[in-house]
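Read the structure below first, then the notes.
The values are calculated or read from the model by the stated rules, or taken from the named source; none is laboratory data. The shown structure was predicted, so the numbers you read here are calculated from the model rather than taken from an experiment. Ideal geometry is used to build each Cβ from the backbone, glycine not excepted, and the neighbour counts take in all protein chains shown.
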């Protein structure tokens with residue numbers, strides 16, 4: 001077992017481009033590996049990977065591409081986390097409240113992406129505006 005798998009914190013943030021379908025797969029694999037390194041159980045691994053997939057796909061489809069950055073915050077209590085920062089330079093979200101509502105979609109999807117991702121994570125913020133792109137920061141914490 002590697003020292004990272006034994007609880008050593010990963011070093012620094014890692015940023016991945018989201019420009020192609022293949023990039024979406026790369027992000028999924030990177031997030032899955034990061035959840036294991038942080039120490040999440042299988043259910044939380046699935047939650048974080050699902051949220052990351054939805055957010056990265058939104059950046060790709062609606063934002064014309066962007067980046068996903070993984071960071072490893074740690075609280076003073078020792079609790080560890082995984083923070084996803086998903087950025088795009090697309091048109092932004094004109095009505096954020098509507099976009100966070102289940103059933104809202106601008107495409108052919110079911111409309112659970114943004115709101116669903118928010119429910120899967122412990123912390124979730126969105127900065128967006130028409131013509132300003134979108135930045136989503138979402139964090140999941142390990143259980144103490």
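Things to note:
- The combined condition, being within 20 Å of residue 122 (Cβ to Cβ) and surrounded by fewer than 19 Cβ atoms within 10 Å (Cβ to Cβ), is not fulfilled by residue 61.
- From the list 69, 35, 85, 15, the one residue that fits, being modelled with pLDDT of 95 or more, farther than 23 Å from residue 132 by Cβ and touching a strand residue (DSSP E or B) at 6+ places or on another chain (Cβ under 9 Å), is 35.
Rundown of residues vs (1) under 10 Å from the mean Cα position of the chain (by Cα); (2) surrounded by 23 or more Cβ atoms within 10 Å (Cβ to Cβ); (3) outside any helix (DSSP H, G or I), yes/no style:
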| residue | (1), (2), (3) |
| --- | --- |
| 27 | yes, yes, no |
| 33 | no, no, no |
| 37 | no, no, no |
| 77 | no, no, yes |
| 84 | yes, yes, yes |
| 92 | no, no, yes |
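- Residue 49 surrounded by fewer than 16 Cβ atoms within 10 Å (Cβ to Cβ) and outside any strand (DSSP E or B): no
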